[in-house]
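Only one structure is covered here, and it is reproduced in the block below.
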Amino acid sequence: MNGENELHTQILWAVAGLCAFIPISLLPSTIYRILQPHLSYKPVSIFHRPADLTLIIFFLFNFPFVTYVVDAEQLIIAREDASNM
């Protein structure tokens, strides 16, 4: 009896595992089928999107400015109350 119960338990675990694995394995193809009509767009050049181009230029300018100029200013300018640190 005990061996038969173990066999039934193993079969149930195998079925439960398949029931959990099959939907997960089908998920990528399902997502692709849902998104396929939206994925067939033609990319637009960055020069035809002025807002995006402006943001990119803004961040490309500000990244080195903030990184080097503002950080260097924090290191160079001494605090008056630095002795309390």
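Observations on the structure shown:
- Computed from label points 7 Å out along Cα-Cβ, the spacing between V15 and S29 is 2.4 nm.
- Label-to-label distance, nm, for residues given as Y68 and S45 (7 Å Cα→Cβ offset): 3.1 nm
- Solvent-accessible area, 1.4 Å probe, carbon plus sulfur percent, for segment 25-65: 76 percent
The values are calculated or read from the model by the stated rules, or taken from the named source; none is laboratory data. A quick note: this is a predicted structure, and the numbers were derived from the prediction, not measured. Every residue, glycine among them, receives a Cβ derived from its backbone with ideal geometry; neighbour counts consider all protein chains shown. Just the protein is used for accessible areas: all its heavy atoms, side chains included, with ligands, DNA and RNA removed. Shrake-Rupley method; radii C 1.70, N 1.55, O 1.52, S 1.80 Å.
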